[in-house]
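Trainee: This is the structure I want to talk about, given as structure tokens.
Please treat every number below as a calculation from the coordinates, not as lab data. Everything numeric in this text was worked out from a predicted model, so none of it was measured. Cβ sites come from the backbone with ideal geometry, for glycine too, and all protein chains shown count toward neighbours.
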Amino acid sequence: MSTVAPLPQAPRTSLVESAIGLMRAQIESGAWKVGERIPREPDLAEMLQVGRNTVREAIRVLSHAQVLEVRQGDGTYVRSSIDPAEVMRRVSHSSLRDHFELRAILETEAARLAATRRTDEDLQRLGRLLEARGEPPAEGNPAGFVDRDLAFHAGVAAAAHNTALAELYRYFSAAVRQNTRAVLVERELPEPSAAAHARIVEAIERQDPERAAKAARAVVAPVIAKLTELLGD
């Protein structure tokens, strides 16, 4: 078991959240290793400088996230060094350029796989999604357009027939949707045309993975370039 050493005092704004953050830091840094028993409640309360009720609640939250495992009569053990919810929270709070760079990676590989695995049903669905997406609106409801655009790209991910990739893209899209809506309006970022998106579908239909990947990358590249320019300014 790890030795007990005081940690920085938890901020008073949210003791449970602060305790969770400090405990998670111990796990992520490797101070508490997977399979290892963590300090007992009294020791944790001393380390975190919080009450035992706060420690219990923090352990409950991390156990629900399957980061910790409570073994009755034995103690609490580290089950995983990764908290999926925390990872996605950090993703959603990263910079917009980071979001679009990750989106480019996912969409490029999704298009590449879709070109080799697509079915006739996939092509029909992509055609409907492309038509529904349409052209970027000059004015009106940008939020609705962002949703239709993401639905199209989620359709490409589904056509890749890789469950992990499709679920990751769906999760990622939900995490960044609101941020994307706001910044597209405030920063006036470029939004590629329907024709640019049609080239993705055409390459997938022709079963040309390299062309599909190139077309998918070309859709996101102007936004990344504009964000890089804004950061430089």
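Trainee: Simple spin-label model, 7 Å along Cα-to-Cβ: Ser81 to Arg40 in nm?
Mentor: About 2.8 nm separates the two model spin labels.
Trainee: Say each of Gln66 and Glu121 gets a label point 7 Å from the Cα, pointing the same way as Cα to Cβ; how far apart are those two points in nm?
Mentor: The modelled label-to-label distance comes out at 2.8 nm.
Trainee: With labels modelled as points extended 7 Å from the Cα through the Cβ direction, what inter-label distance (nm, one decimal) is found for Arg128 paired with Glu210?
Mentor: For Arg128 paired with Glu210, the spin-label model returns 3.4 nm.
Trainee: Pull out a ≥ b ≥ c, the square roots of the eigenvalues of the alpha-carbon gyration tensor of region 15-82, then state rounded if a/c is under 1.5, prolate if not and a/b is larger than b/c, and oblate in the remaining case.
Mentor: Since a/c stays below 1.5, the shape of region 15-82 is classed as rounded.
Trainee: What number, rounded to the nearest 500 deg cm²/dmol, is the helix-based mean residue ellipticity at 222 nm of the chain, given -39500 (n - 2.57) per DSSP H run of at least four residues and division by all its residues?
Mentor: Rounded to the nearest 500, the figure is -22500 deg cm²/dmol.
Trainee: Also, quick follow-up: Ranked highest first by average number of other Cβ atoms within 10 Å, how do 45-56, 82-93, 107-118, 123-134 line up?
Mentor: Per-residue mean Cβ counts within 10 Å order the peptides as 107-118, 45-56, 123-134, 82-93.
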